[in-house]
1. Please compute P(r) over all alpha-carbon pairs of segment 153-273, binned at 5 Å starting from zero, and give each bin as a whole-number percent.
2. Which is farthest toward the positive dipole end of the chain among MET136, VAL23, PRO234, measuring Cα position about the Cα centre, with Cβ charges +1 (Lys, Arg) and -1 (Asp, Glu)?
3. When the Karplus curve 6.51 cos²θ - 1.76 cosθ + 1.60 is applied with θ = phi - 60°, which whole-Hz ³J(HN,Hα) does each residue of segment 110-115 get, with x for Gly and Pro?
4. Can you give me the accessible area per residue for segment 126-273, using a 1.4 Å probe, in Å²?
5. Could you report the accessible area of PHE263 in Å², rounded to 10, computed with a 1.4 Å probe on the protein chains as they sit in the structure?
6. Can you compute the radius of gyration and Dmax for segment 140-181, using only the Cα atoms, both in Å?
7. If you take the Cα atoms of the chain, find Rg, then find the Kirkwood Rh from the mean of 1/r over all pairs, what is Rg/Rh?
8. If the only charges are +1 at each Lys and Arg Cβ and -1 at each Asp and Glu Cβ, what is the size of the charge dipole of segment 102-192 around the Cα centre, to the nearest 20 debye?
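The values are calculated or read from the model by the stated rules, or taken from the named source; none is laboratory data. All values reported here derive from a predicted model rather than from experimental measurement. Neighbour counts run over all protein chains shown; Cβ positions are idealised from the backbone, glycine included. Note: areas computed on protein heavy atoms with side chains; ligands, DNA, RNA excluded. Shrake-Rupley method; radii C 1.70, N 1.55, O 1.52, S 1.80 Å.
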Amino acid sequence: MPIARINGTCLGYDEYGTGEPVVMVTGTGAPGRMWRTHQVPALTVAGYRVITLDNRGIPPSDPCPEGFTLADMVADVAGLIEHLGEGACRVVGYSLGAIAVQELLLARPDLVHQAVLMATSGRTDALTAAMTAADMELSDAGGKLPPRFAAYVQALQNLSPRTLNDEERLRDWLAVFEMSAVDVSGVRGQLELQLVPDRLTAYRRITSRCLVIGFQDDLVIRPHLSREVAESIPGSSYTEIPGCGHYGYLERPAAVNSAITGFFAGRPLRIPH
């Protein structure tokens, strides 16, 4: 894995394929390899060079125990794009990563000519505030949920009824969650970055072409919050993937990949049910 020193911080990233670059920025607590199973193959087959980033706080990137801001994450993505030396590129962001990309579109519009924003929001609503406060309280108390309990909670929060009602698929998901349980204390620096002020008015200044993707059964970032972002960005498109929760890019990867590659290629959006 290449390591780049950007803004005084060591950031890990991976590259796949050849062609025009697509930089992918994931959400709270997730490593860049989360894109590797589904999105990286689809994008490389479509002829893109894919760069996945481990955000600061996620190994092997620096942990930054002193804390950091959303502006730091934005500067990291900008610095990585400049480090690649390809000029303006396409960027995909998910959840907290999408919020960082939105701020990048305001701060450095010269670096992005197309952006996909998944499971995103432009403000903190009451439920997001409550979930984030609870996670920070658990982290600050030094608490750690038993893996089996953490897996059950993660499934309820992030998967759709479609998946929860499919017992074979659900067993597979629970096994993955149990083996890869996130230590909340390890991503403490990212948690409070989820508490964003209302930025919807500011997004009216975004000039890059954007596709916003909401997930129909998302309980973490309800799709109306993503739709608000699309309505605030001039000329943006919005699509909602049915039958998936917050992990929609993993639950319904074919539909998500079709939306991303179609948008990049300028094709009309057709979302399979």
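1. All Cα pairs considered, the percentages come to 2, 10, 16, 18, 19, 16, 11, 6, 1, 0.
2. It is PRO234, whose Cα lies furthest towards the positive end.
3. After applying 6.51 cos²θ - 1.76 cosθ + 1.60, I find 5, 9, 9, 10, 8, 9 Hz.
4. Dividing the accessible area of segment 126-273 by its residue count gives 51 Å².
5. Surface open to solvent at PHE263 totals about 20 Å².
6. Calculated on Cα positions, Rg and Dmax stand at 11.1, 36 Å.
7. 0.93
8. So the magnitude is around 60 debye.
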